[in-house]
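K.L.:
First the structure, then my questions, so here it is.
Values in this text are rule-based calculations from the coordinates and carry no lab data. These figures come from a predicted structure and were not determined experimentally. With ideal geometry, Cβ positions are generated from the backbone for all residues, glycine too; neighbour counts draw on all protein chains shown.
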Amino acid sequence: MPASHVRRLLYAGAVSLLLLPAGCGSDSDDEAGESSTATASASASATATSSATGATAAVLSAANAFLATLDDTQKTTVQGERTTANLAQWSNLPDQLFERAGLRMDKLSGEQQAAVLAILKAGLSTDGYNQVAGITTADGVLASTATMNLDFGADHYWIRILGTPSATDIWTVQYGGHHLAVNLTMKGDEMTLAPTLWGAQPASYTESSKTVEPLSGETKAAFALVDSLDATQLKAAVLDTAVTEIVLGAGQDGKTLAQEGVQASTFTSEQKTLLQALLSQWITPLVTSESSAKLTAAMTSANLAKTTFGWYGSTTIGNPIYYRVQGPGFTIEFAHQQGQGANAGGVTHIHSIYREPDNDYGASL
Amino acid sequence: MAAHPLDQVLQQVYVTPAAGVLEVQIDIVPGALVAGAFARSVDTDGDRALSAGETAAHTETLRATSAVRVDGRAEPLTITSAAYPAYDLLAAGGGTISVRGTAPLPAASRQVTVRDGYRPGQPTSVQMSVTLARGAALAPSDIHHGESGRSITVDLAPPAVSTAVEAPAAPGLKDRAFAALRSPLASPWALLVLLAVCALLGAFHALTPGHGKAMLAAYLVGSKGTRRQALFLGLVITVTHTASVVVLGAAVLLAGRHVLPDVLVPSLELAAGLIVLILGLRVVRHRWSHRASRHADTHARAGAHGHIHEHAHTHEHGHPHGRGDDGHGAHGHPHGDGDHGHPHGDGDHGHQHGHHHGPLLGRRSGPGAGRGALAALGVSGGLLPCPEALGILILAAGLNRTALGLGMIAAFSAGLAAVLVALGLVLVSGARAIKKPGPASLAARLPLVSAAVVVVLGLVMTVSGAAHFAEAGALAAVIR
């Protein structure tokens, strides 16, 4: 290439650099990039939405079957508008301390109760459904032994349907009470379980000579992961002050926590496997056909690069802990209740939350 | 609405850096075992109801015992809302008190600290967390808790560089620089490495948008400036840039809340825009007024053009002082270039002479042509400080390592200067390569076109500065 051509190319390159838009350290490019990503994501979501099929169709069918068992008064009571206030009307508290809406299971007939459980079976995986059953049963155990009963028990759980059950439009099934708040949102053939509060007290009990531990998977998988960290990773993971309660519990919708803890991008392949096992505990309570894609997305290298794991407490299983896993598609918190006195419980008393930033109650569906 | 632990009053504090303000939300959740005593402490008249006066007094206690510091200076927390449950629900352990407030958070802020000093009579635990706001100009880059959870310090950065969100696999240069400020230097070699990193950071930063590069390009291309001019302009931009960082940083640190960076920075942007606009208009006027007379010399210019190239290079390397008063005598080509054949009163004339005959800057009689005008353009290009450099200085001062911070900024500026000067030199050399004879050639049109570009850039900077200034003023009015 002639020297003059080289000089012209060099010159053109320099002018291109120099004529970049003004603005010292402007972030506009990055913001635009994020915006484009969000737009693309929304667009992809919009085009992917279609009529209910598979799991969402099954939930729709089960919900309509349940509604068919109700009288008009019950139908009016159980259904509500999908407003922000109605969606947020859930809590970990027992009924005496929190006013719920909808129909409570102990007020329903056996047929109606079965119809409610059929909705849950359609929207949850087997493990997810068993977890719900384990939590509600635990509440019955607590009610039978507690010195202070604030109106809770195995059948003190409420069903509510927000929005009109539809094959195409968005609608939500809420099922919750003390230590449980399942929010199952459907739109077309998509579904989300966020936000869902999982609690347990007692976290371990015996039923028909079998030990039941509703949140044992979420506990053991977390200890397995923290045990695998090397000293540097562990130092990064451990939060610098005590956390004893979940931060984004009931009443904290719309918040996105800044990330703290060790970066998953530093994990070895073995540690990533352990992380996947932990995430699976939180993502796969949703029916498998809907959750498998979420779990796969969570483990992509791009998303792992933006995933953190934070910890507070002993790393020896059996001790009370708090942990947090945050990624682009989820926020997970787990807290043993470490106070003293009646119903405190330490490792026998768990509060936890699963959220999807930007997609709680199906906001992005 | 989480009432655990039962034997404590739990305070959940959410700190959110938002656009122009720091949002603080304090949720107080008394556990069932202490809720009765807590509710009675709020219900000061003991009537088992919370009156407006009682809740207002409690809110004021919360506000007064909270503290917000932005870049080391105290900022007032203004309460924006307060929600209290009914007394009975609160006393039973089922209610949450939620109080929200804001404090000013200038866009150039680099660190906030929030402290919760509220101590009801019951055992209390405090959890402070940072949440993210959409569209915020700042995002947390590092979070530290202290005082058993009662205080939280959040380092802030523009969202694009937030390590919390971006979570890069390896720390970037800027993160290393900021991290190095916090850690003691192990050896003189570590200091050298740190300075080298800062220089590299400056070099990379020079390639990001801004820094007067467009103005520098338009001016140098249009005037067919010399290498010496490129060097001079690059250095002026760099020195101004460094000085503005130091001055603005000092103003922020010393004058505290009286100097709001988010007001001062748009002011600088407006001033820089006006300088560029005025200079650009003057250059356009002069180039336009001399354009007609240049036509008369078209043939002479065309014929002499080859000489111009030859002599320009020869001169710069071998005859740096061989110029006459108007630059023609030494080489005997009084009409050697279309842009250089009119030595009287042309705005860019001095540069054209300089192109051929060395540093004629300052020798021209026309406005906007001399070293002063070139310096003014350089100053306008460097007047806006980099947030990164400003952040380094403020953080260094906060850590009582100001000297190290100044050294890092000097290294940063050296890297910035190297790139700007190198680009300017490439531009000067390249501009000569594309020059062609004839009135319709790019070379012939370039002076006027480039002057117009300078005007447009000045206009854009002025309008942008005015808009930002108005926004900052409105924001300041709202948050005070």
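K.L.:
Calculate the tail of P(r) for the stretch A:106-224: the fraction of all Cα-Cα distances greater than 22 Å, expressed in %.
P.N.:
38
K.L.:
Also, I was wondering about something else. How much space per residue, in cubic angstrom, does the convex hull of the C-alpha atoms of the stretch B:1-158 take up?
P.N.:
In the stretch B:1-158, the Cα convex hull volume per residue is 98 Å³.
K.L.:
Average partner chain C-beta neighbours within 10 Å, per residue of A:247-256?
P.N.:
Mean partner shielding for this stretch: 5.
K.L.:
Now for a separate question. Any chance you could run the full-extension gain for A:ASN130 through A:LYS220? It's 0.36 nm times the residue separation minus the Cα-Cα distance, nm to one decimal.
P.N.:
30.7 nm
K.L.:
Can you give the translational diffusion coefficient of the stretch A:180-225 in µm²/s, computed by Stokes-Einstein from the Kirkwood radius over Cα pairs at 37 °C and 0.692 mPa s?
P.N.:
The estimated diffusion coefficient comes to 255 µm²/s.
K.L.:
Still on this model: Please list A:190-201, B:23-34 highest first by mean number of surrounding beta-carbon atoms within 10 Å per residue.
P.N.:
So the order, starting with the most tightly packed, is A:190-201, B:23-34.
K.L.:
Please list, by residue number, every one of the trypsin sites (Lys or Arg not before Pro) in the stretch A:258-365 that is coil in DSSP and has at most 16 other beta-carbon atoms within 10 Å.
P.N.:
Sites meeting the loop and neighbour criteria: none at all.
K.L.:
Follow-up. From the P(r) of the stretch B:32-87, can you give the percent of Cα pairs sitting at distances over 18 Å?
P.N.:
I get 44 percent for the Cα pairs in the stretch B:32-87 exceeding 18 Å.
K.L.:
So what's the net charge close to A:HIS178: Lys and Arg +1, Asp and Glu -1, counting the other residues with Cβ under 9 Å from its Cβ?
P.N.:
-3
K.L.:
Fewest Cβ neighbours within 10 Å first, please rank B:VAL283, B:VAL453 accordingly.
P.N.:
By the 10 Å Cβ count, ascending: B:VAL453, B:VAL283.
K.L.:
Sort out for me the Cα centre separation of the stretch A:211-240 from the stretch B:85-155, rounded to whole Å.
P.N.:
27
K.L.:
Based on a Kirkwood Rh over C-alpha pairs, give the Stokes-Einstein translational diffusion coefficient of the stretch A:212-362 at 4 °C and viscosity 1.567 mPa s in µm²/s.
P.N.:
Here the translational diffusion coefficient equals 83 µm²/s.
K.L.:
Given points 7 Å out from each Cα along the Cα-Cβ axis, report the A:SER166 to A:THR83 separation in nanometres with one decimal.
P.N.:
1.8
K.L.:
While we're looking at this one, here's another question. Taking each residue in A:98-104, count the Cβ atoms of any other chain within 10 Å of its Cβ, then average. What number comes out?
P.N.:
The shielding value for this peptide is 1.
K.L.:
Determine the shielding of peptide A:235-243 by partner chains: average, over its residues, the number of Cβ atoms on other chains within 10 angstrom of each Cβ.
P.N.:
4
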